[in-house]
1. Would you check if ASN124 is closer than 20 Å to ALA42 by Cβ and open to solvent by 30 Å² or more (accessible area, probe 1.4 Å)?
2. Could you please tell me which pairs satisfy a Cβ distance under 8 Å, a separation of 6+ or placement on different chains, a first residue in the range 254-279 that is under 12 Å from MET6 (Cβ atoms), and a second residue that is in a loop (DSSP other than H, G, I, E, B) and open to solvent by 30 Å² or more (accessible area, probe 1.4 Å)?
3. Just give me the residues in the range 223-237 being under 18 Å from ASN90 (Cβ atoms) and open to solvent by 40 Å² or more (accessible area, probe 1.4 Å), in sequence order.
4. Go through (1) in a helix (DSSP H, G or I); (2) in contact (Cβ under 8 Å) with a residue 40 or more places away in the chain; (3) of a type in the set (A, V, I, L, M, F, W, C) for VAL118 and report which single condition fails.
5. Can you tell me how many residues in the range 6-25 are open to solvent by less than 30 Å² (accessible area, probe 1.4 Å), in contact with a Gly (Cβ under 9 Å, 6 or more places away or on another chain) and not hydroxyl-bearing (Ser, Thr, Tyr)?
6. Being in contact with a helix residue (DSSP H, G or I) (Cβ under 8 Å, 6 or more places away or on another chain), of a type in the set (A, V, I, L, M) and surrounded by 15 or more Cβ atoms within 10 Å (Cβ to Cβ) narrows it down to one residue among LEU285, LEU240; which is it?
7. Scanning for something buried (at least 16 other Cβ atoms within 10 Å of the Cβ) and of a type in the set (Gly, Ala, Ser), does the range 262-275 turn up at least one residue?
8. Among the residues of the range 90-113, how many are touching a Leu at 6+ places or on another chain (Cβ under 8 Å) and under 16 Å from PRO80 (Cβ atoms)?
Amino acid sequence: AVNKVMKVQPANLRTALVAVDPRTGAIQAYYGGSNGPGIDYAGDAVTRPPGSTFKPFVVATALQSDKQFGLGTQYAGTSPMVIAGTKVANSDGDSCDECTVMSAMTKSTNTVFYQIAVQYGPQNVAQTAHAAGIPDNLLPDPSGGISLGDKPVHVVDMAAAYGTFAADGQRFDPHIVQKVTAADGRILLDRGTTPVGQQSVFTQQLARNVTESMLDVAGTSGFALAGGRSAAAKTGTNQLGETRDNRDAWTVGYTPSLSTAVWVGTDKSDPIRTRSGAVVYGRTLPGPVRRLPERPSRKFG
């Protein structure tokens, strides 16, 4: 999937992909780069800011904190906006006078999610992400910027954490080894009978509400699955300073049977551009990569 999309792109771009089965945590696909002895961009060796792919954790935090909060709750989404002393701006065309949480997720309206994170607490957003599967040693000292993914994370952890929403709130630790059998036939490890780190961390209703918030993203971003199959997804970018360039681009998404995270960036945090010179966004390269490993599955709900 990575090669099919990225082989014609500039040589300085780096890509990572991890796909997990959200029902077990079993890693179904793992790509950390083309150089085997080199840097593993998908695992513990590299952390990168996930951008707007962190917004679902903001929604989950609000849903946990406030029974009156829902996908139809409206917020001002104008831009720029000063929120808790910080100037926050939206991407071009993503602003609104009043918009629902659902439409704000689809359009990735930064000012809406920054307001929600400040309202319900950046530390609570971090705790929600930790519960979903982001390691406890990440996301230190969060501020409102956590709503825009300013804290670096691992690709494998994003695939697993989104998988928790896909599994209706059941969390499983990601793992590669499924079974170990000794030379004498003794089974030393069998993940088929012993789930890895299974925990019930969210209610089914909460997880399904978070899923619903992301159902329109893939279609509007141009990487919907074939056959009209539904998928929950979110794109994200990490902007390069005050420029219009990006240095990281992400797409993370799932069906009930597969949760996949894709990152595109560089070794030196250079501007990421396509072969035509266009700025790379989550929808332009990571989105199509994420779509390719998907296989038919049951529908949500």
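The values are calculated or read from the model by the stated rules, or taken from the named source; none is laboratory data. Quick caveat: nothing in here was measured; it's all calculated off a predicted structure. Positions of Cβ are backbone-derived with ideal geometry, glycine not excepted, and every protein chain shown enters the neighbour counts. Just the protein is used for accessible areas: all its heavy atoms, side chains included, with ligands, DNA and RNA removed. Shrake-Rupley method; radii C 1.70, N 1.55, O 1.52, S 1.80 Å.
1. No: the conditions fail for ASN124.
2. That search, which allows pairs on different chains as well, returns THR274/GLN9; THR274/PRO10; THR274/THR284; ARG275/VAL8; ARG275/GLN9; ARG275/PRO10.
3. Passing the criteria: only THR237.
4. Failed condition: (2).
5. The total comes to 8.
6. Of the residues listed, the single one that is in contact with a helix residue (DSSP H, G or I) (Cβ under 8 Å, 6 or more places away or on another chain), of a type in the set (A, V, I, L, M) and surrounded by 15 or more Cβ atoms within 10 Å (Cβ to Cβ) is LEU285.
7. yes
8. Total satisfying the criteria: 2.
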